[in-house]
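All remarks here apply to the structure that follows.
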């Protein structure tokens with residue numbers, strides 16, 4: 001997967017396709033973060049994010065994209081992992097996830 005896929009101006013067609021896929025089925029009902037990857041990259045670090053959008057009709061669309069991470073946060077995270085600091089070293093990225101309902105006007 002290319003880094004920062006949605007920020008690349010040459011990938012606008014892919015972005016529009018994914019937006020249409022996310023809004024199909026009556027609009028989004030719930031957003032769920034499935035996995036948050038480790039930051040990668042030296043100068044412009046980015047983390048891969050897997051998320052799902054549940055539509056009003058019950059269909060689920062899964063997306064994977066790269067999100068930029070601030071340089072100090074990425075390097076602090078890397079240094080903490082390397083030194084074995086307990087709170088950071090114990091994070092399991094596959095189990096990190098949460099779900100949020102999408103607020104709707106007129107409910």
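Taken together, the values in this text are just the output of simple stated rules run on the coordinates, not laboratory data. Just so we're clear, the structure is a prediction, and the values are computed from it rather than from any experiment. In this analysis, Cβ positions are derived from the backbone assuming ideal geometry, glycine residues included, and neighbour counts consider all displayed protein chains.
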Practice task
Rank these for me by crowding, 12, 91, going from fewest to most other beta carbons within 10 Å.
Solution key: 12, 91
Exercise for the section: Enter the angle in degrees (range 0 to 90, nearest 10) between the Cα long axis of helix 71-83 and the first principal axis of the Cα atoms of the chain, meaning the one along which they spread out most. Expected result: 60 degrees
Handout entry: Estimated distance in nm for a label pair at residue 73 and residue 35, the labels positioned 7 Å out from Cα along Cα-to-Cβ
Key = 2.0 nm
Completion exercise
Plugging the Cβ-Cβ distance of residue 64 and residue 23 into 1/(1 + (r/R0)^6) at R0 = 22 Å yields, to the nearest 0.05, a FRET efficiency of 0.75
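Normalised by the number of residues in segment 11-107, what is the relative contact order in percent for Cα pairs under 8 Å and 6+ residues apart?
Dividing the mean separation by the residue count of segment 11-107 yields 31 percent.
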Practice task
Please give the direction-averaged projected area of the C-alpha convex hull for segment 5-100, in square nanometres with one decimal.
Solution key: 7.1 nm²
Practice task
Compute the acute angle (0 to 90°) between the alpha-carbon long axis of helix 12-23 and the principal axis of greatest extent of the alpha-carbon atoms of the chain; round to the nearest 10°.
Solution key: 60 degrees
Exercise for the section: Please find the FRET efficiency linking residue 83 to residue 11, where r is the Cβ-Cβ separation and R0 is fixed at 35 Å, and quote it to the nearest 0.05. Expected result: 0.45
Problem - For segment 59-107 and segment 19-34, distance of Cα centres in Å - result: 19 Å
Handout entry: Label point 7 Å beyond Cα of residue 92 along Cβ direction - residues of segment 22-36 with amide nitrogen under 15 Å
Key = 35-36
Practice task
Highest first, please rank the peptides 40-53, 71-84 by the mean number of other Cβ atoms sitting within 10 Å of their residues.
Solution key: 40-53, 71-84
